[in-house]
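Report on the following structure.
The values are calculated or read from the model by the stated rules, or taken from the named source; none is laboratory data. Computed from a predicted structure; not experimentally measured. Cβ placement follows ideal geometry from the backbone for every residue including glycine, while neighbour counts extend to all protein chains displayed.
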Amino acid sequence: MINEEKLKAVLHSYKNCFQQRWKNGEDFKWKAIKQFQNHWDIDAEDFGEMFKTATDDTDTLLVSGYSFPRTMIINLAKADKEATRSMFRNLFDENVNLEARVNSFQRTAEELRVKYDDGTWWKHYQNTNAISTYLWLRYPDRYYIYKYEEIKAVAKELSGDYVPKRDGTAASMIGGFRFYDEICEVVKADSDIRNMLNDELSDDYYSDPEMKTITVDVGFYLSREYLKVRAMDRYKNKYSKQLLSAKNIIFRGAPGTGKSYLAKEIAADIISNGFTKRYADLTQEQKEQVEFVQFHPSYDYSDFVEGLRPKMNEDGSIGFELQDGIFKSFVDKARKNYENHNKSKEVREQELSAKELLAKFLSEIEFDKNEFQTITGNKFTVIDANDKHIYLSIPGNKTINKLTLNIDELRRMLESEINFEKVSDITDFFGKQFATQAYSYDFALYKEIKKGESEPQIQIVTEDLKEYVFIIDEINRGEISKIFGELFFSIDPGYRGKDGEVSTQYANMHIDPNERFYIPENVYIIGTMNDIDRSVDSFDFAMRRRFRFIEIKAEETQNDILQSLENEELKEDVIKRLNKLNEEILKADELNENYQIGAAYFLKLKTVGFDVLWTDYLRPLLQEYVRGLSNEDELMRKFSEAYGYPSLSTGDENEAVQD
């Protein structure tokens, strides 16, 4: 039995975002059915081509990760169209028991795979998810899309007694159908949902009279969006939600309060979706979603955003090339993920096709052997290539016999739908007034690469949206306005995405001078700063408005920081000394809690004793705090006593160290 109260809460949320989800592309399910119904013909002469056309609008429903059921059916049909046709004829025979039909379909698929395997057919991929999709496309008033992970999440939220099995059997799929039948009855009783759907439907969509498809959509929404909002509660660190909400936060407070450690904890918490707070526990791939940098007085725009860097030219002379800084490189990774997640299937196909064409061309030619020719007759060879450049040798050119091409230019030309017929087309494409020498060679390679164009072999899958966390330690020690430059505007939480596009300082040197930079929604920034640092006063006020400031007090982080001290007696002694010292600091009229000592200093006790910790670390810091005060010596004596260092004067303390 389902919990109707919980389901109604889900439906209330679903209705609030239904129109936006429809506009964002979730309408494809209704289009997919319409496409299938219009083109399905079991008796078609070319069964494989008919199946391909009928399933053209299924998007990611029949391809996910490393599972390619649609492609495999097309391949099987090419190998044996009659056997493949018979598979579907039997699957869609409603006079036969459903479980028997599903089992027969999978058994026949495996037999055909083994019989016609060309050495690359590792699996037939016809699992219950794929088969349920075929059934749903053919009989949308009877069936649902069954996907174990989806239905598991839905059942966990709505049912106390139904637990789906991850055994991939037809029986489990049928159990999922029955579970969705219960949900469908509640959905059908909600007239608001029916009316909202009717308002969006047109002749391009299946009408969904039994509301089976919108029930599937409710399940997708619950598992992928509704629970994600609810999942904010899963984060282990209390500040993780604040970062996700504010986009930019700065931890401020006394030295040694673990602000930098806390920043990494939050990054790990968010990147792992609440699985761990330990940065060390992240996978290498997850660590790529975190970047750490420490500002200092000499740090500048070229380090952070972009700048000119020296490089050795082919003739041995020194030149300069534009290189991205650490922040821009990091944001580009996040942007790529953000854009790929939101791109249509058609755009992704174009991009991956271009990537495939380039890779195919470079893998098939022999470096420094295969000869190519420009339209003016200049012969050249490709002598090397990497992910950024293609290196050419032009032996007949007495002026310049070597040339470096930017591989991104070729990629963008291949991705475009433009048919480049002459070099000037490239000039226009990149918005240049005059052609460069490289364009003649770009054009020659473009023509060669296009000769090998064919149907893309890469499977198009939706890329999951990921979070990226950029940590700036001691953010106030750098000259903020010079480091960020025009990015002041882009990092504003209200101007994330294309609304915050800016031209960077060296935009005129980019391949496309009109290219603009923006920071996507999936980038989060954490800064740390010590309030007592003298450079705090110069922290840019324009930047202050763009960050949420969170004070980290010494006592708040004590227990977490000191957990790594395994000796409980030592830990108790640390807390006692630390609290007494901080209480004494607060008593000083000229000082406040920003001058208190953080527990991180006491982690040095793993390698030194209390006395050395005082003489070599804490005392110099405190002396800096009180330097120039009229009662400097008196304050230091009180601090020393509070800490538990036995000496009463500076001289005695030095003698104690010597002893």
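Structure data summary
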{"item": "Single match in V469, V423 (criterion: under 30 Å from L243 (Cα atoms) and not small (G, A, S))", "result": "V469"}
{"item": "Those residues of region 165-182 which are farther than 17 Å from I131 by Cα and either hydroxyl-bearing (S, T, Y) or touching a strand residue (DSSP E or B) at 6+ places or on another chain (Cβ under 6 Å) (or both), in sequence order", "result": "E182"}
{"item": "Matching helices (runs of 4 or more DSSP H) fully within region 536-615 where at least 1 residues are touching a strand residue (DSSP E or B) at 6+ places or on another chain (Cβ under 6 Å) and loosely packed, with under 13 Cβ neighbours inside 10 Å", "result": "none"}
{"item": "Region 441-465 - residue that is farther than 17 Å from A354 by Cα and either β-branched (V, I, T) or surrounded by fewer than 18 Cβ atoms within 10 Å (Cβ to Cβ) (or both) and, of those, modelled with the highest pLDDT", "result": "L465"}
{"item": "Candidate set from region 246-271 (those that are polar (S, T, N, Q) and closer than 22 Å to I491 by Cα); member that is surrounded by the fewest Cβ atoms within 10 Å (Cβ to Cβ)", "result": "S260"}
{"item": "Test: residue in region 68-78 that is β-branched (V, I, T), over 18 Å from Y146 (Cβ atoms), in the same structural domain as Y221 (by TED's automatic domain parsing) and in contact (Cβ under 8 Å) with a residue 60 or more places away in the chain", "result": "yes"}
{"item": "Members of region 275-312 that are farther than 25 Å from S490 by Cβ, outside the structural domain of G485 (by TED's automatic domain parsing) and of a type in the set (K, R)", "result": "K311"}
{"item": "Subset of region 32-63 (residues that are surrounded by fewer than 14 Cβ atoms within 10 Å (Cβ to Cβ), more than 36 Å from the chain's Cα centre (by Cα) and either among the β-branched types (V, I, T) or not in a helix (DSSP H, G or I) (or both))", "result": "D41, I42, D43, E45, D46"}
{"item": "Number of positions in region 506-518 that are exposed (fewer than 14 other Cβ atoms within 10 Å of the Cβ) and in contact with a Gly (Cβ under 9 Å, 6 or more places away or on another chain)", "result": "2"}
{"item": "Residue list for region 126-164, filter: surrounded by fewer than 21 Cβ atoms within 10 Å (Cβ to Cβ), of a type in the set (F, W, Y) and either in contact with a strand residue (DSSP E or B) (Cβ under 7 Å, 6 or more places away or on another chain) or outside any helix (DSSP H, G or I) (or both)", "result": "Y139, Y162"}
{"item": "Yes/no for E200 being farther than 17 Å from K8 by Cα, in contact with a helix residue (DSSP H, G or I) (Cβ under 6 Å, 6 or more places away or on another chain), in the same structural domain as R21 (by TED's automatic domain parsing) and charged (D, E, K, R)", "result": "yes"}
{"item": "Answer residue from region 371-419, given it is among the basic types (K, R) and in contact with a strand residue (DSSP E or B) (Cβ under 8 Å, 6 or more places away or on another chain) and is modelled with the highest pLDDT among those", "result": "K379"}
{"item": "Selected residue (criterion: surrounded by the fewest Cβ atoms within 10 Å (Cβ to Cβ)) from residues of region 315-339 that are closer than 21 Å to E467 by Cβ and aromatic (F, W, Y)", "result": "F330"}
{"item": "Single residue of D442, D368, D384, D408 found to be touching a residue at least 12 places away in the same chain (Cβ under 8 Å) and part of a loop (DSSP other than H, G, I, E, B)", "result": "D368"}
{"item": "Residue match in region 334-352 (condition: assigned to a helix (DSSP H, G or I), touching a residue at least 60 places away in the same chain (Cβ under 8 Å) and within 15 Å of I407 (Cβ to Cβ))", "result": "yes"}
{"item": "Only listed residue being out of contact with any strand residue (DSSP E or B) (no Cβ under 6 Å at 6 or more places or on another chain), part of a loop (DSSP other than H, G, I, E, B) and either buried (at least 16 other Cβ atoms within 10 Å of the Cβ) or touching a residue at least 40 places away in the same chain (Cβ under 8 Å) (or both), chosen from E225, E210", "result": "E210"}
{"item": "Residues that are within 24 Å of V229 (Cβ to Cβ) and of a type in the set (A, V, I, L, M), drawn from region 267-291", "result": "A267, A268, I270, I271, L282, V290"}
{"item": "Of residues in region 417-426 being under 34 Å from the mean Cα position of the chain (by Cα) and without any contact (Cβ under 8 Å) to a residue 24 or more places away in the chain, the one surrounded by the fewest Cβ atoms within 10 Å (Cβ to Cβ)", "result": "N419"}
{"item": "Qualifying residue in region 272-280 (condition: among the basic types (K, R), surrounded by fewer than 14 Cβ atoms within 10 Å (Cβ to Cβ) and not in a strand (DSSP E or B))", "result": "yes"}
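Here is a yes/no grid of residues against (1) in contact with a Lys or Arg (Cβ under 8 Å, 6 or more places away or on another chain); (2) modelled with pLDDT of 95 or more:
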site	(1), (2)
D181	no, yes
C184	yes, yes
A189	no, yes
M196	yes, yes
Y205	yes, yes
M211	yes, yes
V216	yes, yes
L227	no, no
R230	no, no
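Results for (1) farther than 30 Å from I472 by Cα; (2) not basic (K, R), shown as yes or no for each residue.
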residue: N195; (1), (2): yes, yes
residue: S202; (1), (2): yes, yes
residue: V216; (1), (2): yes, yes
residue: K236; (1), (2): no, no
residue: Y239; (1), (2): no, yes
residue: L244; (1), (2): no, yes
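Residue-wise test of (1) closer than 24 Å to E265 by Cβ; (2) modelled with pLDDT of 90 or more; (3) in the same structural domain as D531 (by TED's automatic domain parsing); (4) not acidic (D, E).
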residue	(1), (2), (3), (4)
S564	yes, no, no, yes
K576	no, yes, no, yes
K587	no, yes, no, yes
E590	no, no, no, no
W614	no, yes, no, yes
D633	no, yes, no, no
P646	no, no, no, yes
